[in-house]
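Structure record follows, encoded as structure tokens.
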Amino acid sequence: MTTYPVNLAVRPEVFAFFDDATNTISYIVKDPASDACAVVDSVMDIDYAAGRITFDHADELIRVIKEKQLKLEWIIETHVHADHLSAAPYIQQQLGGRIGVGSKITVVQDTFGKVFNEGTEFQRDGSQFDALFEDGDTYMIGTMQAFSMYTPGHTPACMVHVMGDAAFVGDTLFMPDGGSARADFPGGDAGVLYDSIQKVLSLPDETRLFMCHDYGPNGRDIAWETSVAEEKAHNIHVGSSKTKEDFVKFRSERDAILAMPTLIIPSLQVNMRAGEVPTDADGNPMLKVPVNTL
Ligand SMILES: [Fe+2]
């Protein structure tokens, strides 16, 4: 098993931005010892019915980075999201930084390249991104070392990114009362997800965990931060005495009755291109709707 360079002594400042259209939380993570920062899981706004894209959510992240006079070094995607569109290129254009994702993006590009009947001009080698992470890869945000943990199961390209004592878990875990994300997308696997979650829970108990989504189950207020200790003790899907068999059975039964996310069709086409909207033969931004294939 990979040994990860955990360093809980470094405590980055974390600024969270909740997108209520998609229940996504985007983050700015600041190195405590310099002005460097990273963005994790940004959101581009879409009115899908109208085919209209706007940038209010991303503009707020950009405004805060400028106001605090931070230097954006990384724009991280924990995975190819199926429920919201990434604003990574829009943010990069204004503030710089490198866009990074898990190296298994190539598997996702291959799968959905077929679903969307993409031509040969759609590269399936991850070259739309500036960096492709492998399990245990390290990178710097100013003076702060960060590393990626390969955590497949929800999708084949999922990575958890750990920056000091803060881990950005993507869709491996939800808050303890939310449990876990679905594992039925192409390339997903409930058993693999369970193993990935155990990997996250093997981080030190006091590691801060930051969610990518929260739906405020049972009427509670939206929340996004918990800890390894809290998840181990209380997560309703994987905490305390829940076995892998329990999890796989529960997850498979639940996933079988879940509807597709509202924005899955535009999200995949944009996010597998690192946040670029595809174009038609004349260069106009254009999205497809494959019929009866998803
Ligand atoms: Fe996801």
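Observations on the model:
- Pairing each residue of segment 180-196 that is farther than 18 Å from Met260 by Cβ with any residue that is polar (S, T, N, Q) and within 11 Å of the ligand (Cβ to nearest atom), provided the two are 6+ apart or on different chains, yields C-beta distances under 6 Å for Ser196/Thr172.
- The number of residues in segment 14-37 that are touching an Asp or Glu at 6+ places or on another chain (Cβ under 9 Å), in a loop (DSSP other than H, G, I, E, B) and farther than 29 Å from Pro261 by Cβ comes to 2.
- Of all residues in segment 206-227, those that are in contact (Cβ under 8 Å) with a residue 24 or more places away in the chain and within 22 Å of Glu77 (Cβ to Cβ) have Cβ atoms under 6 Å from Cβ atoms of residues that are of a type in the set (Asp, Glu) and outside any helix (DSSP H, G or I), 6 or more apart or on another chain, in Thr207/Asp165; Arg208/Asp165; Phe210/Glu225; Cys212/Asp41; Cys212/Asp171; Ile222/Asp214; Trp224/Asp214.
- Of the residues making up segment 148-170, those that are part of a strand (DSSP E or B) and either within 13 Å of the ligand (Cβ to nearest atom) or free of Cβ contacts under 8 Å to residues at least 12 places away in the same chain (or both) number 3.
- Residue that is farthest from the ligand (Cβ to nearest atom), among those in segment 134-147 that are out of contact with any Gly (no Cβ under 7 Å at 6 or more places or on another chain), closer than 17 Å to Thr2 by Cα and in contact (Cβ under 8 Å) with a residue 24 or more places away in the chain: Gln145
- Within segment 47-74, residues that are in a helix (DSSP H, G or I) sit with their Cβ atoms under 8 Å from residues that are among the hydroxyl-bearing types (Ser, Thr, Tyr), at 6+ positions apart or across chains, in these pairs: His57/Ser26; His57/Ser42; Ala58/Ser42; Ala58/Tyr90; Leu61/Ser26; Leu61/Ser42.
- Once segment 187-213 is narrowed to residues that are within 13 Å of the ligand (Cβ to nearest atom) and part of a loop (DSSP other than H, G, I, E, B), the residue that is nearest to the chain's Cα centre (by Cα) is Cys212.
- So Leu173, is it of a type outside the set (Gly, Ala, Ser), part of a helix (DSSP H, G or I) and either modelled with pLDDT of 95 or more or surrounded by 15 or more Cβ atoms within 10 Å (Cβ to Cβ) (or both): no
The values are calculated or read from the model by the stated rules, or taken from the named source; none is laboratory data. Note that the coordinates shown come from a computational prediction; the quantities given were computed from them, not determined experimentally. Note that each Cβ is placed from the backbone with ideal geometry, even for glycine, and that neighbours are counted across all protein chains shown.
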